[in-house]
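Engineer: Structure provided below as structure tokens; questions to follow.
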Amino acid sequence: MEFAELIKTPRVDKVQLHRPFHPTVGGTLCLTGHHLILSSRQDNSEELWLLHSNIDSIEKRFIGSSGTITIKCKDLRIIQLEITGMDECLNIASSIEALSTLDSVTLMYPFFYRPMFEVTEDGWSSFLPEQEFELLTSETEDWRLSDVNQDFSVCQSYPQVVIVPKSIDDESLRKVAAFRQGGRFPVLSYYHRKNGMVMMRSSQPLTGTNGRRCKEDEKLINATLRPGKRGYIIDTRSLNVAQQARAKGGGFEQEAYYPQWRRIHKSIERFNILQESLIKLVEACNDQSHNMDRWLSKLEASNWLGHIKEILTTACLAAQCIDREGASVLVHGSEGMDSTLQVTSLAQIILEPKCRTIRGFEALVEKEWLQAGHPFQQRCAQSAYSNSKQRWEAPTFLLFMDCVWQILRQFPCSFEFNERFLVTLFEHAYASQFGTFLGNNEFERSKLKLKQKTMSLWSWVNQPNELRKFTNPLYEANGLVIWPSVAPQSLLLWEGVFLRWNRSSKYLEDAYKEMIHIIEYNKDLQVRVNALRRQLAELETEDGMLETP
């Protein structure tokens, strides 16, 4: 298929662009296969380059012979294009609709993008499981790297190599995979160096109504326990939901077969409930006509902060079991691809200082989201504005980012990255020139040959010039476990995502620049103080030598 077939009118002059807190810009609108571009003839006027894949929905309105197209984006901004001529307006609208809903992944921009920067690091090979295992072997010899899934035949949503207990052979792993939904057998998620406890993740066991068991599964999980120690299974479903799953062939670990494990149920919502929550929240944030009572009522009705609280509470529980109880943990829900990953990722941010650095956080996103099989292509197909029927969409990753921001806000000096870094990752998960978030799992990415045909997001982010933009100026390495507050009073609306298009950011940017200036000035003063101290010490030494007879 040629893109030209979808573009009915490639160019229109005298188009007016309206955006909140920006002056109206007049110029020429151009449509390419992947971008909507508005270029102005005015000096000092920025161009608008909008990826078609970032468009969530469009609305048309006509007054006389001219029309207005309202474009609502997946990054939550809303822009308006005023176009003279009904035919041109209709053609532009239908072209945008066609180009923003392409079915084929290989027609998306990452397959056509050519970087304008010098590539000094191949992001595709920056965070491989083999590298993770090499670090692990310096701490313990109880684990091994298994390539049982080399051809993705055991589990399509797992990577080709996984870390499992050394005492469990590959044949046992195949039997355990047959006992777990989607073949997602328990694998290592995190090793706590302080006490040797571990966190594993999987999908639900397929016990069904007959109480089916798998001795290999029991052996695998028990292999993570120290003699005389108990472990915790954190099920991210309520007990009621887990019991209902048995009628559909799923279920949970029964005490009789897992006597050394205590099961805890924590209810974390998924899928359409989260999507509805996002839609309600964004609707509330975009309505400027609220009085205080109505705004608070709508914010509460969205239950977005309620979801944040549940996820953070469960992550804190997992971290507590590992660090304070000295117990190993297994986390799963149903498929183990959504709420499970939120919990295991956030627990690591709480426990592991390395995950609070830029590269450590990138490695976490790679290991616990991309390689762990979170279906980004499905979950991020729509955002808060789409009119089409929901299928698998859910803001699972955005909720995770929001939770990280909540912890970052409570511990502003413990993170090497800033809020801008989190917002950037959220944006690229929904629409990007990079191939990192394409596909639903490693199997699909392998078939699409993304490593050969597209550029990794990390190749761009990790350039020195870009890293500076994402670095937190307040950062001071903190080697401790950090315990975030999950009290309702401690959780705030993430304005940097949900209100950034609804208010001017000029004063925030000015305040940030002033903060940077103060920090740099403080560093200069510190250098001068240290130099003066050295001078004073030298003078005192000289005086001492002169006084010696």
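The values are calculated or read from the model by the stated rules, or taken from the named source; none is laboratory data. Computed from a predicted model, the values in this text were never measured in an experiment. Every residue, glycine as well, gets a Cβ built from its backbone with ideal geometry; the counts of neighbours run over all protein chains shown. Protein only, heavy atoms only, side chains kept; ligands, DNA and RNA dropped before computing areas. Shrake-Rupley method; radii C 1.70, N 1.55, O 1.52, S 1.80 Å.
Engineer: Kindly check whether there is at least one residue in the stretch 271-293 that is touching a Ser or Thr at 6+ places or on another chain (Cβ under 6 Å), surrounded by fewer than 23 Cβ atoms within 10 Å (Cβ to Cβ) and not in a helix (DSSP H, G or I).
Structural biologist: no
Engineer: Before we move on, is Ser95 crowded, with 16+ Cβ neighbours inside 10 Å, touching a strand residue (DSSP E or B) at 6+ places or on another chain (Cβ under 8 Å) and under 23 Å from Phe426 (Cβ atoms)?
Structural biologist: no
Engineer: Restricted to the stretch 193-206, and to residues that are out of contact with any strand residue (DSSP E or B) (no Cβ under 7 Å at 6 or more places or on another chain) and open to solvent by less than 20 Å² (accessible area, probe 1.4 Å), which residue is farthest from Tyr158 (Cα to Cα)?
Structural biologist: Gly196
Engineer: Looking only at the stretch 123-145, which residues are farther than 18 Å from Leu220 by Cα and either among the hydrophobic types (A, V, I, L, M, F, W, C) or over 21 Å from the mean Cα position of the chain (by Cα) (or both)?
Structural biologist: Hits for the stretch 123-145 are Trp124, Phe127, Leu128, Glu130, Gln131, Phe133, Glu134, Leu135, Leu136, Thr137, Ser138, Glu139.
Engineer: Would you pick out the residues in the stretch 112-121 that are farther than 15 Å from Lys449 by Cα and either open to solvent by 50 Å² or more (accessible area, probe 1.4 Å) or free of Cβ contacts under 8 Å to residues at least 40 places away in the same chain (or both)?
Structural biologist: Arg114, Met116, Glu118, Val119, Thr120
Engineer: Evaluate the stretch 233-246: report whether one residue or more is out of contact with any Leu (no Cβ under 7 Å at 6 or more places or on another chain), more than 15 Å from Gly333 (Cα to Cα) and either touching a residue at least 12 places away in the same chain (Cβ under 8 Å) or basic (Lys, Arg) (or both).
Structural biologist: no
Engineer: While we're here: Would you be able to say whether some residue in the stretch 131-153 is open to solvent by less than 70 Å² (accessible area, probe 1.4 Å), in contact (Cβ under 8 Å) with a residue 40 or more places away in the chain and farther than 24 Å from Gly196 by Cβ?
Structural biologist: Checking the stretch 131-153: at least one residue is open to solvent by less than 70 Å² (accessible area, probe 1.4 Å), in contact (Cβ under 8 Å) with a residue 40 or more places away in the chain and farther than 24 Å from Gly196 by Cβ.
Engineer: May I ask you to verify whether Glu171 is in contact with a Phe, Trp or Tyr (Cβ under 7 Å, 6 or more places away or on another chain) and either open to solvent by 10 Å² or more (accessible area, probe 1.4 Å) or free of Cβ contacts under 8 Å to residues at least 12 places away in the same chain (or both)?
Structural biologist: Considered against the rule, which asks whether it is in contact with a Phe, Trp or Tyr (Cβ under 7 Å, 6 or more places away or on another chain) and either open to solvent by 10 Å² or more (accessible area, probe 1.4 Å) or free of Cβ contacts under 8 Å to residues at least 12 places away in the same chain (or both), Glu171 comes out as no.
Engineer: Can you pull out every residue in the stretch 315-362 that is surrounded by fewer than 24 Cβ atoms within 10 Å (Cβ to Cβ), part of a helix (DSSP H, G or I) and in contact with a Gly (Cβ under 6 Å, 6 or more places away or on another chain)?
Structural biologist: Pro353, Lys354, listed by residue number.
Engineer: Thr236: among the hydroxyl-bearing types (Ser, Thr, Tyr) and either at pLDDT below 95 or more than 25 Å from the chain's Cα centre (by Cα) (or both), yes or no?
Structural biologist: So Thr236 does not fit the description; no.
Engineer: Report yes if Gly85 is open to solvent by less than 30 Å² (accessible area, probe 1.4 Å) and either at positive phi or at pLDDT below 95 (or both), otherwise no.
Structural biologist: yes
Engineer: Within the stretch 102-111, does at least one residue satisfy the condition of being open to solvent by less than 40 Å² (accessible area, probe 1.4 Å), over 25 Å from Val497 (Cα atoms), among the aromatic types (Phe, Trp, Tyr) and in contact (Cβ under 8 Å) with a residue 24 or more places away in the chain?
Structural biologist: Within the stretch 102-111 (the criterion being open to solvent by less than 40 Å² (accessible area, probe 1.4 Å), over 25 Å from Val497 (Cα atoms), among the aromatic types (Phe, Trp, Tyr) and in contact (Cβ under 8 Å) with a residue 24 or more places away in the chain), the answer is yes, since at least one residue qualifies.
Engineer: In the set Glu476, Glu509, which member is of a type outside the set (Val, Ile, Thr), loosely packed, with under 11 Cβ neighbours inside 10 Å, closer than 30 Å to Val365 by Cα and touching a Cys at 6+ places or on another chain (Cβ under 6 Å)?
Structural biologist: Result: Glu476 is the single residue among Glu476, Glu509 that is of a type outside the set (Val, Ile, Thr), loosely packed, with under 11 Cβ neighbours inside 10 Å, closer than 30 Å to Val365 by Cα and touching a Cys at 6+ places or on another chain (Cβ under 6 Å).
Engineer: Right, here's the next one. Among the residues of the stretch 516-538, are any in contact (Cβ under 8 Å) with a residue 12 or more places away in the chain, open to solvent by less than 80 Å² (accessible area, probe 1.4 Å) and in a helix (DSSP H, G or I)?
Structural biologist: Yes, the stretch 516-538 has at least one match.
Engineer: Go through (1) free of Cβ contacts under 8 Å to residues at least 60 places away in the same chain; (2) within 29 Å of the chain's Cα centre (by Cα); (3) closer than 28 Å to Gln131 by Cα for Met197 and report which single condition fails.
Structural biologist: Result: Met197 fails condition (1) only.
Engineer: Let me ask another. Within the bounds of the stretch 65-77, is there any residue that is out of contact with any Lys or Arg (no Cβ under 7 Å at 6 or more places or on another chain) and without any contact (Cβ under 8 Å) to a residue 12 or more places away in the chain?
Structural biologist: no
Engineer: Leu448 passes all but one of (1) in contact with a helix residue (DSSP H, G or I) (Cβ under 9 Å, 6 or more places away or on another chain); (2) modelled with pLDDT under 95; which number fails?
Structural biologist: Only one criterion in (1) in contact with a helix residue (DSSP H, G or I) (Cβ under 9 Å, 6 or more places away or on another chain); (2) modelled with pLDDT under 95 is unmet by Leu448, namely (2).
Engineer: Now for a different question. What's the total number of residues in the stretch 61-76 that are among the charged types (D, E, K, R) and surrounded by fewer than 16 Cβ atoms within 10 Å (Cβ to Cβ)?
Structural biologist: Summing the residues that are among the charged types (D, E, K, R) and surrounded by fewer than 16 Cβ atoms within 10 Å (Cβ to Cβ) in the stretch 61-76 gives 1.
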